[in-house]
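Asks: Below is one structure. I have some questions about it.
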Amino acid sequence: MNFFRFLISKSFFIQIGIAVISLSLLISIIKWWLGFTTNHEQKIQVPNLNKMSLTRVETTLKELNLDFLVIDSASYNPKYPKKSVIEQTPESGSFVKEKRKIYLTLNPSKYRDISIPDLNGQSKRQAITQLQSKGFKIGKFYYIPDIGKDVIRGLRSNGKKLKPGSKLEKNGVIDLILGDGKKR
């Protein structure tokens with residue numbers, strides 16, 4: 001019974017009033033402090049950095065008080081200048097606050113080098129499939145006297161013989177040296 005009397009007493013309502021006022025005051029102070037420290041009303045529009053060099057990106061972002069971080073180099077794209085921006089996050093036109101990092105993906109300076117597989121003794125069809133799956137282009141076919149018709153007897157690129165395990169740039173053109181199938 002004492003508990004119910006306390007719930008309707010004057011001291012209980014005073015304590016509830018103090019708690020509500022204190023909580024409201026605390027929420028108001030935190031809301032003001034967050035708005036002040038997080039630059040709530042500030043907006044900087046992210047520029048389009050596509051195809052820009054790294055030095056130009058640095059000056060552009062420094063003027064806007066933004067930072068950048070190179071996160072990756074994508075696969076080489078010949079349509080973009082070497083070491084230029086291919087992708088950016090956040091995208092151009094987005095709004096950010098000062099000191100925000102813009103994450104960049106750059107175009108490498110060339111295609112990556114790929115190891116030449118050992119294709120000696122394989123059929124022409126197998127070799128073409130394997131080379132194309134690695135990213136090479138097939139050039140001309142040269143035939144030499146050999147009993148195996150359309151069997152790989154060597155590989156060349158730019159007139160130089162290629163050895164298994166040597167490296168060639170992706171999208172490089174490989175000529176196939178094949179047996180002509182004639183018995184000599």
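Asks: Kindly evaluate SER84 against the criterion of being of a type in the set (S, T, N, Q), at pLDDT 85 or above and crowded, with 17+ Cβ neighbours inside 10 Å.
Replies: yes
Asks: Also, quick follow-up: Within region 108-136, restricting attention to residues that are in a strand (DSSP E or B) and surrounded by 13 or more Cβ atoms within 10 Å (Cβ to Cβ), which residue is modelled with the highest pLDDT?
Replies: Per the stated criteria, the residue is SER123.
Asks: From the list LYS62, LYS101, LYS97, which one is surrounded by 10 or more Cβ atoms within 10 Å (Cβ to Cβ), in contact with a Leu (Cβ under 7 Å, 6 or more places away or on another chain), farther than 30 Å from PHE136 by Cβ and not assigned by TED's automatic domain parsing to the domain that holds GLY172?
Replies: Only one candidate passes the filter, namely LYS101.
Asks: Are any of the residues in region 33-44 more than 30 Å from LYS163 (Cα to Cα), exposed (fewer than 11 other Cβ atoms within 10 Å of the Cβ) and of a type in the set (Ser, Thr, Tyr)?
Replies: Yes, because at least one residue in region 33-44 is more than 30 Å from LYS163 (Cα to Cα), exposed (fewer than 11 other Cβ atoms within 10 Å of the Cβ) and of a type in the set (Ser, Thr, Tyr).
Asks: Can you work out which of the residues in region 49-79 that are at pLDDT 90 or above and of a type in the set (Asp, Glu) is nearest to ILE114 (Cα to Cα)?
Replies: So the residue we want is GLU58.
Asks: Additional query: Any residue in region 85-104 that's on the phi > 0 side of the Ramachandran plot: show its pairings with residues that are not in a loop (DSSP other than H, G, I, E, B) at Cβ separation under 7 Å, as long as the two are six or more apart or on different chains.
Replies: GLY93/GLN45; LYS99/ASP67
Asks: Name the residues in region 44-96 that are assigned to a helix (DSSP H, G or I) and in contact with a Ser or Thr (Cβ under 7 Å, 6 or more places away or on another chain), would you?
Replies: Once the filter is applied, which keeps residues that are assigned to a helix (DSSP H, G or I) and in contact with a Ser or Thr (Cβ under 7 Å, 6 or more places away or on another chain), region 44-96 yields nothing.
Asks: What are the residues in region 70-129 that are aromatic (Phe, Trp, Tyr) and over 20 Å from GLY172 (Cα atoms), if any?
Replies: Matches in region 70-129: PHE95, TYR103.
The values are calculated or read from the model by the stated rules, or taken from the named source; none is laboratory data. Here the structure is a predicted model, which is why all the values come from computation and not from measurement. Neighbour counts are summed over all protein chains in view; Cβ atoms, including those assigned to glycine, are modelled from backbone coordinates with ideal geometry.
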